[in-house]
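For reference, the structure is listed below as structure tokens.
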Amino acid sequence: MEKLVRPSWDEYFARIVEDVARRSTCFKRQIGAIVVNQDHEIVATGFNGNVRGAKHCDEVGCIKDEMGLKSGEGQEWCTAVHAEQNALLQAGKQSRGSALYVNAFPCKICARLIVNAGIRKVVISGEYTDKDGLKILEEMGVEVAHVVIGR
């Protein structure tokens, strides 16, 4: 009998994050995040995009492009909510002790929210220009893991 080759839990959830990211309304970076409890159950998902009810960037353009800002800059001008923020909002207190999977390095703001939400582990399957969020997570004792996924 042939043995099945199954992805690890981290690979499995990282692939799901890629699908969640496809719902993003940002045409610059499609970011997805999921919160997974200790029983390997998905508690919440989130993707980056404008606040509820606002027109999407493909309709009105990108304010950061108009201002000449690079990736990782001008977060205070961007009208979008980050994928991690949306996932944490949906998860609420269920995020305590859970893992968060995301396809980019969390920014400084998201890293602080991740710590305060009680996330124990962050699994990253992508990169981001700003690495300061990683420092915050590591300094606060949140386990950070990187996973490479192939299709």
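The values are calculated or read from the model by the stated rules, or taken from the named source; none is laboratory data. Here the structure is a predicted model, which means the values were calculated and not measured. FYI the Cβ positions are ideal-geometry reconstructions off the backbone, even for glycines, and counts take in every protein chain you see. We work out accessible area using only protein heavy atoms, side chains counted, and drop any ligands, DNA or RNA first. Shrake-Rupley method; radii C 1.70, N 1.55, O 1.52, S 1.80 Å.
Just to be sure I understand the model, the point goes 7 Å from the Cα along the line to the Cβ. What's the resulting residue 51 to residue 3 distance in nm?
Those two pseudo-labels are separated by 5.3 nm.
As an exercise, identify the GluC sites (Glu not before Pro) in region 95-151 lying in DSSP coil whose Cβ has no more than 16 other Cβ atoms within 10 Å.
Counting only loop positions with at most 16 other Cβ atoms within 10 Å, the GluC sites (Glu not before Pro) in region 95-151 are 127.
Counting only heavy atoms of the protein chains, get the accessible area per residue of region 64-151 (1.4 Å probe) and round it to a whole Å² value.
Using a 1.4 Å probe on heavy atoms only, each residue of region 64-151 averages 54 Å².
Which cross-chain or sequence-distant (5 or more) residues have an amide H under 5 Å from the amide H of residue 145, H modelled 1.01 Å from N in plane?
Here 122, 123, 124 satisfy the definition.
Using 20 Å as the Cα-Cα cut-off, could you pick out the over-long pairs in 28/131; 93/135; 28/121?
Table pairs above 20 Å Cα-Cα are 93/135; 28/121.
Along the charge dipole of region 78-151, Cβ charges K/R +1 and D/E -1, which of 81, 122, 91 sits furthest on the positive end?
Selected residue: 91.
To the nearest 20 debye, what charge dipole does region 30-151 have about its Cα centre, counting +1 at the Cβ of each Lys and Arg and -1 at the Cβ of each Asp and Glu?
Here the size comes out at about 280 debye.
Relative to the present Cα-Cα distance, how much length would full extension add between residue 96 and residue 63 at 0.36 nm per residue of separation?
Contour length minus Cα-Cα distance gives 8.4 nm.
In Å, what is the Rg of the alpha-carbon atoms in the chain, and how long is Dmax?
15.6, 60
When the accessible area of the chain is split by element with a 1.4 Å probe, what percent falls to carbon and sulfur?
Carbon and sulfur: 50 percent of the exposed surface of the chain.
Go through region 102-107 residue by residue and turn each phi into a ³J(HN,Hα) via Karplus (6.51, -1.76, 1.60, θ = phi - 60°); whole Hz please, and just put x for glycine and proline.
8, 9, 7, 5, x, 6
For region 13-28, take each phi angle, set θ = phi - 60°, evaluate the Karplus expression 6.51 cos²θ - 1.76 cosθ + 1.60, and give the result in whole Hz per residue in order, putting x for glycine and proline.
With the stated coefficients, region 13-28 comes to 6, 5, 5, 5, 4, 4, 5, 4, 4, 5, 7, 4, 9, 8, 8, 8 Hz.
Please go through region 49-138 and write out the chymotrypsin sites (Phe, Trp or Tyr not before Pro) that DSSP classes as loop and that have at most 12 other C-beta atoms within 10 Å.
Listed in order of number, the matching sites are 77.
Taking amide hydrogens as modeled 1.01 Å from N in the peptide plane, which residues meet the under 5 Å criterion relative to residue 44, leaving out close sequence neighbours?
35
Amide H neighbours of residue 119 under 5 Å, counting only residues 5+ apart in sequence or on other chains, H built in-plane at 1.01 Å?
Answer set, sorted by chain and number: 97.
Considering only protein heavy atoms, with the full assembly of protein chains and a 1.4 angstrom probe, order 28, 3 by accessible area, largest first.
My answer, sorted largest first, is 3, 28.
For region 78-130, calculate the relative contact order in percent as a whole number, restricting contacts to Cα pairs under 8 Å that are 6 or more residues apart.
Reported relative contact order: 42 percent.
Could you give me the ³J(HN,Hα) list for region 77-88, computed from phi with Karplus coefficients 6.51, -1.76, 1.60 and θ = phi - 60°, whole Hz, x at Gly and Pro?
Here the 3J(HN,Hα) series is 9, 5, 8, 8, 9, 5, 4, 4, 5, 4, 5, 5 Hz.
Given 0.36 nm per residue, what is the gain on full extension from residue 41 to residue 89 after removing their alpha carbon distance, in nm?
15.6 nm
Using a 1.4 angstrom probe with every protein chain in place, what is the largest-first accessible-area order of 148, 81?
148, 81
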